[in-house]
Amino acid sequence: MDLIMVKIVYVEHDGTEHSVDVEVGESIMEGAVSNSIPGIDADCGGGGACATCMVFIGDEWKDKVESMTDEEESMIDFHEYKDDNSRLGCQVLVTEEFNGMKVKMPPSQY
Ligand code: FES
């Protein structure tokens, strides 16, 4: 089966944009790490246990993303820069509907 790729634009806190192809089924975090995009640390390797993969999903994309679990919400609570658009990048799996999505990174992951 052919891999399905979608375009995701990762935006660093200073506005630098990285437009890359990410495979459907990968997480937002994996898409960043495999493309060497700075700003997502992913210290726990995707276990949902570190909150160093936090990203902000714009309002226009929020309804395309599955809602978060209580576990994810409580990890995000530890993040200094959390806001209403925060998600853990490792907990959001890319679907075809994400094509063209912009995700922003916080000033730091601590
Ligand atoms: Fe650790 Fe996402 S990589 S919470």
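Of the listed requirements (1) away from the ligand (no atom under 14 Å from the Cβ); (2) among the small types (G, A, S); (3) open to solvent by 50 Å² or more (accessible area, probe 1.4 Å); (4) within 15 Å of Y10 (Cβ to Cβ), S34 misses just one: (1). Annotation: of all residues in the stretch 101-110 being under 24 Å from G25 (Cβ atoms) and open to solvent by 40 Å² or more (accessible area, probe 1.4 Å), the one that is farthest from the ligand (Cβ to nearest atom) is K102. Take the conditions (1) among the acidic types (D, E); (2) surrounded by 12 or more Cβ atoms within 10 Å (Cβ to Cβ); (3) closer than 25 Å to I4 by Cα; D63 misses just one of them, which is (2).
Between V6, V55, which is surrounded by 14 or more Cβ atoms within 10 Å (Cβ to Cβ), assigned to a strand (DSSP E or B) and more than 14 Å from the ligand (Cβ to nearest atom)?
On inspection, the qualifying residue turns out to be V6.
Of all the listed residues (S86, S74), the sole one being open to solvent by less than 40 Å² (accessible area, probe 1.4 Å) and small (G, A, S) is S86.
Screening G15, G31, G48, G39 for residues that are part of a loop (DSSP other than H, G, I, E, B), under 17 Å from V94 (Cβ atoms) and not charged (D, E, K, R) leaves exactly one candidate, G48. Screening the candidates E71, E97, E60, E23 for the property of being outside any loop (DSSP other than H, G, I, E, B) and within 12 Å of the ligand (Cβ to nearest atom) yields one hit, E71.
The values are calculated or read from the model by the stated rules, or taken from the named source; none is laboratory data. Owing to the predicted nature of the structure, the values given are computational and were not obtained by experimental measurement. For neighbour counting, all protein chains shown are included, and Cβ atoms are generated from backbone atoms with ideal geometry for every residue, glycine included. Surface areas here come from the heavy atoms of the whole protein model, side chains and all, with no ligands, DNA or RNA. Shrake-Rupley method; radii C 1.70, N 1.55, O 1.52, S 1.80 Å.
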